[in-house]
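Written below as structure tokens is the structure these notes are about.
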Amino acid sequence: MTCRELTSFIGDYLAGELDYDTRSAFERHLTLCPNCVQYLADYERAIELGQSVYNESEETAKGVPDDLLHAILAARRTAPEPE
Amino acid sequence: MSDLIEEAGLVAGLKRGEEWAFEAVIRIYGGRLLAVARRYVRNDDDAQDVLQSAYLSAFKAIAGFEGTAQLCTWLHRIVVNTALMKIRTRRRRPEEAIDDLLPTFLEDGHHSEQFSTWTTPADALLEQRETRQIVRNCIDQLPDNYRTILLLRDIEERSTQEVADLLTLTATAVKVRLHRARQALSTLLRRELRPIEGSATIQSAAASKG
């Protein structure tokens, strides 16, 4: 398995969706290739960082702008009633 | 428990069409939902449009709200669906390329770039407000059709099939795009976070000493 092939399998590897033979070849390549080990670590780090940065208090501190609040309420009053 | 009772009161008020309930549901959840919309559409004007349409849809559909889901979860899904619709219908920009963010290989299949270890653990980077903002900016830089899939799969943790149904794609296409999106994000983080991680280490070391 080349680095290029290994790279294409990373998503399936992390999802546990590789068949036994491919998984073995994938892991064998990792034991021989520090550069792919680091590439995989960076890939996992990207997932981890992405998952951790949508912090509610940080993103929502501003709340809803008043003019937007009133625009929504006004639009609701003029919208047709649901059947 | 008291939250649930308050939520039940709020839902009842909405179903009866009471003005205070409409205002309350916007004040309570609007900030959070606006941030969710912003993640998908990437600019404040579109995010505000999405929030308004989403609330109006929710008010029309409130009679059918069963209370099996929490109100905020139900609203969240409406906002995401509305944001996806907004992205589909807004004037298409030429498809942004992601290729220059994907890894390149030599003829023999080896990576053409050497990757090196980070000096700062991910959780230490996440302690810094500045680095969290950089990560969000990197995600914002991903083209729409990759960013939406990254958000739905990795951030909202929806299943491949659910995302495929939502975006009318095949499951394989979702997997391929998610993989490319993560690779591109990884490249952007290397470019934008690596150069400053040394200073982040110094700052957090100083913070833990002080």
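Within the stretch A:6-22, track down each residue that is without any contact (Cβ under 8 Å) to a residue 12 or more places away in the chain and more than 7 Å from chain B (Cβ to nearest Cβ).
Applying the first criterion (without any contact (Cβ under 8 Å) to a residue 12 or more places away in the chain) to the stretch A:6-22 yields A:8, A:11-12, A:15-21.
Within the stretch A:6-22, A:S8, A:D12, A:A15, A:G16, A:E17, A:L18, A:D19, A:Y20, A:D21 meet the criteria.
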Tabulated pairs, the stretch B:150-172, first in a loop (DSSP other than H, G, I, E, B), second not β-branched (V, I, T), C-beta under 8 angstrom, 6+ apart or interchain: B:R158/B:L152; B:R158/B:L166; B:L169/B:R177; B:T170/B:A164
Search result, residues across the stretch B:117-139 that are more than 11 Å from chain A (Cβ to nearest Cβ) and either within 17 Å of the chain's Cα centre (by Cα) or of a type in the set (S, T, Y) (or both): B:T119
Those residues of the stretch B:46-78 which are over 15 Å from B:G30 (Cα atoms) and assigned to a helix (DSSP H, G or I), in sequence order: B:K60, B:A61, B:I62, B:A63, B:G64
Meets criteria (closer than 30 Å to A:H29 by Cα and either in a helix (DSSP H, G or I) or more than 10 Å from chain A (Cβ to nearest Cβ) (or both)) for B:D100: yes
Subset of the stretch A:17-44 [closer than 22 Å to B:T160 by Cβ and not polar (S, T, N, Q)]: A:E17, A:L18, A:D19, A:Y20, A:R23, A:F26, A:L40, A:Y43, A:E44
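Quick note: the coordinates plus some simple rules give every number you see, no bench work behind them. Here the structure is a predicted model, which is why all the values come from computation and not from measurement. A quick note on method: Cβ atoms are made from the backbone with ideal geometry, for glycine too, and the neighbour counts reach across all protein chains shown.
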